[in-house]
Structures are given as C-alpha cells and as structure tokens.
Amino acid sequence: MPYYLVGVSGEHKGKVWPVSGVPISVGRSPECTIVLSAQNVSRRHCQVALRGEDVLLEDLGSRNLPLVNGRPVRNHMLAEGDELFVGHDHFVLGGAGATSLMGGAAEITLLDTSNWERVEGAQNSAIWNRVRPRTVQDLAMLYEAASEFSGCSCPDTVLDIAQRRLKQYFNTEAVWIARGPHSPWVGRNAAGDGATQASASPVEPRALMDACVQQERALLERLGAPDAKGPELWQYAAPVLFESAPLAVLAVRTCSGPDVHPEGALRFIALFARSLAPALFSAEHYAAMIRENDRLRVRVNESHTIVGESAAMRALRAETLQAAATDISVLITGETGVGKELVARALHDFSPRREAPLVIVNCAAIPRELFESELFGHVKGAFTGATAAGAGLLLKASGGTLFLDEIGDLSLENQARILRVVENRSFRAIGSTTDTHVDVRFVAATNKDLAQAVRRGLFRADLFHRIRGMEIQAPPLRQHLEDIPALARHFLHALQDEGQRSFEGFAPGIFDALQRNPWPGNVRELRNVIHRAITLAQNALIQLEDIQETHVSAAPPEGRAFAGLSLEALEKQHILQTLRQHSGNVRLAAAQLGIGRTTLYTKITAYGIETGELQEDVHQ
C-alpha cells in the first residue's frame, strides 16, 4: 500500500511527500528533504523511509528526539495515522485514504503538473501545450530521482543515479550519459539488462546527441523493427541544460512495447533531464570548490611551513618558537627570498594571538604620501573624497600581529609616525582629535643592514631599537644547500595541483645540479625553478632538461666567480645580470627575481645602478 507523509501544521502545512525506499530526511540542513528553521531542530534530525512493507522512522542523532503520538522515539515503525512532531511542525503518516487528512491537497500535489514548461520536439505540437507525466508513477519516479539527486555532492554519483533511473524506466537496449559542452563527448555506455547479443555493444547515437544539444530540446528517432514480428526500436536524446549551458546529454535506445508511447517517453526524458540539470550543476561546482579548497589549503600549509632539517633551519625554528611565546617585537633579517614572511607567519600562528588577524603591510609598496592613511585610517570629511570613515590597518590588526615587511624602505617621515605607535600602542586617525589605543604585536622584516642605515642617517635609531626587541636572521639558501631535496619535494607537492597533474618526483642527478647553483634569489628562486619545471615537464619524473631552462646547470657556470664577494655585491651583480638578460626591462627582471617592480627600483637606487651604467651593461 502506498504511504504519504502529510504536513498538518507548521512551515510545511498542506505538503505531501510519497514514502519510498529513498529516505525523507528532516532537519535544518538545506540538504534535507524537509527543511525546518526551528532552533530546537538538529541539522539532520530524523528520516522516514520504506523498509519492505513497513515505514521506519530513524533518529539521526538529534539533540531532541522526534515525537510519535506524543512519545520521544529513536527508531520506530510507523503505522497509518501516526502523528510525528519535529520542532514546531506536525506530520501524519497517511495511506491510500489520506485525502481526508489533506483536504484534497494530495490530488493537487500529485497529479496537477500543468506548471511544467512545454517541451519541443514533436511534429504535432498541440499535444505538448501542457506537458504531464503519463501516470502518477512517472511523477513519483521523477520525485524519487530528484530526492536522490539532492543528497549527492559527487557528479559521478549523480550520473550513476540518472543511469539507473533511466534503465528502470525504459526497456533499454542501451543508455548513454555523456558530459562536456563539445563533441566528442566524454561519457559512459551501459547496455540494458535485457540487451541482446547483437546489441550488447551498440554504437552511440552521436548525431542525435549532438543535434539535441544544438537545438536545446529533446529529440526522438525511430529506427524501425529489427524484424517483421519484433517491437520497434526508438532512440531518445535530451540535453541537460543549466541556464542554457549544456552540462551533459542523455541518450536511450529502447524496444518500445505496446504499453510505451514514444511521445510519452520523450516527455519523461525531457523532464528527467530538466530535474537532473541543477543537481549536476551543484555537484560539479561543489566538487570544484572542494578541489580549490584543497589547493588553497596546500598553499596555506606551504606558506606556514619552515622546511629543512639542516642545523641552520633547526636553529631558525627554535628561535621562532621561542619568540612566538612572548609578546616582544621581532625584527626578521635576511636576503631577498629567504622566507622572512614565512617566519612572520609562524611567529603569529604559534603565538597566543593566533586567533586574531595577521595584517601584512608592505612598506615598499605603499606610496609614502598614502602610508599614514593606510596605517591609521581617517575620519569622515578628513580630506576630499572621504565621504565615510575608513579603518586603517592598525585597527584591523587589533588583538593580533602587524607585520611591517620591508621596513627599511620607509621614509624618515613615516618612520617617525610608526615610532609613536610602537612606543605607546596608540595612534590618531587622519582628521581625528582623539587618540585610539590598540593592542597589537609588531613584527618587522628587512633585507637591508639597518645598523648601517642608522649610521648613515637613513633610519631612525630609536625606531631601530624599538622594533629590534629580538632579531631573527633567516639564513640564505647557500648556507643550507642540504635542504634543497626536501624543499624541492615540498614545492613539487604544493604546486603540482595548479596544473592538475601528478608527478612521481625528480630524475636522478637533479638534486646535485640544484645544489651546485649559487641561488642568489634563495628559496624563492628555487620555488620558481620548480614551478617552471612543472609547467615544462612532459614526463611523470621532472628531468634535468626541465630545470635547465631556468639557468640551473649540471656544472658550475664558467666565468662566474662569486668567492670573495660581499652579499650586497653579489645581489647587485645578480640584478645587473638579470637586467641584462631582459634588455633592461624592469618588469621582466622583477618577475624572474621574484620581487615587485617597486622593490627592484629601490634596490637599483640603493646599489647606485645608474641608467647610464645599466644601459652600458645591457649592451655589452
């Protein structure tokens, strides 16, 4: 006997759900069949399903058990007329005579389908003006399929359900479900349970499938009878469209018996494709979101991981953890590309302030005239165009950490502005007459020798001593070359998802070649080398030729003697060589060096690389 779950009162009063083997789930989660908003209802509260000839109510671990006839139950066999209470909603299990409970709503809900849109494709369009499933069973199958679709987040699972339902409805010779917006379609082929030997591997109706996608409508094709006495063969195809975009195409080959009308079957597959479309679209986007989330998690983990087991890296980790436990201001020093921001993130992530924001300020990238506004914010009307108050980065970092990257590039004027905040933890927004106090920890980083800058009058001594409560020096890569294999494997694992390719590792000899490189760009340069190698690689193993494109060679470069050079001279020579390689193009040189153009211009000025010197060097 058929059963129906009827809404008697509450949010779903008057609604009816046929009870079948597919569970009717109840809860606050949008994925549930019956979605309730009451706060005393769990996200997945309970479910009702047909088990054999009985109707089973199952609690899904809810905080408040569902009530049946006024009694809390966990698992209960429902009988016709039983009352179910979930939250503020009241339901009744009805049987074939449930119309008396619904006030006639059952007939309207189950049979009136005039709201379906007209499906094109028949020669006689008069019969299509109001599309209705042939029977209540057709509508029940559409409803059950839609219920199954709504509980799936995997596109392949959604298509498995669609394939099974189509085989259930049609007396199939074969079912095809293909995905992709263009031919050739990438899809699946399943012979029907009653397929004959001759039709066990039928050829897909490619022309019909392409035509239904191009015309955006369901189509049928009569193939005729295999013999004079046998049933006729028909082929059906329907596009799965979401906002006019083709997600997939359905195709069925069937032997129509006397009880199956071809036009009725065409209507069914058209409506079936329409109900499949939003479910497939949602599942594909959910799967894409999960992949993107996994990729971002890898990138976040990459940015928070100090890789390496050398003595230098173990000492760096120990210093970082020691400083993280305190609230002292920290100055991180080291060459460009050694991972100073990585150390700053670790200082924040392992500190008591980890739940509050980490706000990063690139002192070299903010124009000096905008630095005060960016850092302190402004009140409404403070200047032309200030139509509303704006919070500065200091306020956004309240309770957390403010990381002043490239602090050595601050002008003396802005150094004076930041000094007061570091001393008193208070500031005044532009246009304001009152001070704002802020609880923030200061972490700074620089690739410059600030002590020398203080002696030359380029950096304030009082600010230098304030931000240098503790100094952590990130070692250059040439001082821990033994970590290159671990770093290379780490970058390979972290970056390969971007190209959606999988690599087994590195070919023999690559690590030796990498360890012979001087790495003036440090870890950042190594990361770029691995990234380019992933892009160029044609095999599952990264080959030596894949990294040679990035100027890493199997032997030390001839004529390049770096012994005896200071760090500044080494960096200056590397910048000059990179600029010469790109014919003086600063944008391309900065991209290869892994730094911003503003930072490169700053270094050109700091090292006294004049335009004439550059052009002379470029044209050698």
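The values are calculated or read from the model by the stated rules, or taken from the named source; none is laboratory data. As the structure is a computational prediction, the values presented were derived from the model and not from experiment. Here the Cβ is made from the backbone with ideal geometry for all residues, glycine too, and neighbour counts use every protein chain on show. With ligands, DNA and RNA removed, areas are computed over all heavy atoms of the protein, side chains included. Shrake-Rupley method; radii C 1.70, N 1.55, O 1.52, S 1.80 Å.
Here are a few things to note about the model shown:
- Cross-link pairs K396/K448; K340/K603; K340/K572 - those with Cα-Cα distance over 24 Å: K396/K448
- Length gained on full extension, A416 to K396, computed as 0.36 nm times the residue gap minus the Cα-Cα distance: 5.1 nm.
- A simple spin-label model places the labels of R516 and E355 5.4 nm from each other, with each point 7 Å out along Cα-to-Cβ.
- Whole-Hz Karplus values for the range 5-14 come out as 9, 10, x, 9, 8, x, 5, 10, 4, x Hz, taken residue by residue from phi with 6.51 cos²θ - 1.76 cosθ + 1.60 and θ = phi - 60°; glycine and proline positions read x.
- Amide H partners (placed H, <5 Å) of F242, local residues excluded: L247
- Along the range 568-578 the Karplus relation, 6.51 cos²θ - 1.76 cosθ + 1.60 evaluated at θ = phi - 60°, assigns HN-Hα couplings of 5, 5, 5, 5, 4, 5, 5, 5, 4, 5, 5 Hz to successive residues, with x for each Gly and Pro.
- Model label points for E11 and Y601, set 7 angstrom from Cα along the Cα-to-Cβ axis, are 5.6 nm apart.
- Surface composition of the range 402-442: carbon plus sulfur atoms contribute 44% of the solvent-accessible area (1.4 Å probe, protein chains only, all chains present).
- D160 paired with E216, simple spin-label distance in nm, labels 7 Å along Cα-to-beta-carbon: 3.3
- Rolling a 1.4 Å probe across all protein chains gives F272 an accessible area of roughly 0 Å².
- 5 angstrom amide H check on I332, placed H, neighbours 5+ away: A444, A445, T446, I472
- Built amide H within the under 5 Å cut-off of A389, gap 5+: K380
- Highest-first arrangement of 19-27, 465-473, where packing means the average Cβ count within 10 Å: 19-27, 465-473
- Once the 1.4 Å probe is applied to the protein heavy atoms, the range 331-451 comes out at 42 Å² accessible per residue.
- Cβ-derived FRET efficiency at R0 41 Å, A461 paired with K380, nearest 0.05: 0.65
- Take the range 1-101 with all the other protein chains still there, run a 1.4 Å probe, and you get 48 Å² of accessible area per residue.
- For the range 56-70, putting each phi into the Karplus relation 6.51 cos²θ - 1.76 cosθ + 1.60 with θ = phi - 60° gives couplings of 10, 9, 10, 6, 9, x, 6, 6, 10, 4, x, 10, 10, 6, x Hz, in residue order, rounded to whole numbers and with x for Gly and Pro.
- Potential lengthening between E482 and V454 on full extension [0.36 nm per residue; Cα-Cα distance subtracted]: 6.6 nm
- Each of F281, F149 has its accessible area taken with a 1.4 Å probe; listed largest first, they run F281, F149.
- Extension gain (nm, one decimal) between A288 and V586, 0.36 nm per residue minus Cα-Cα: 103.6 nm
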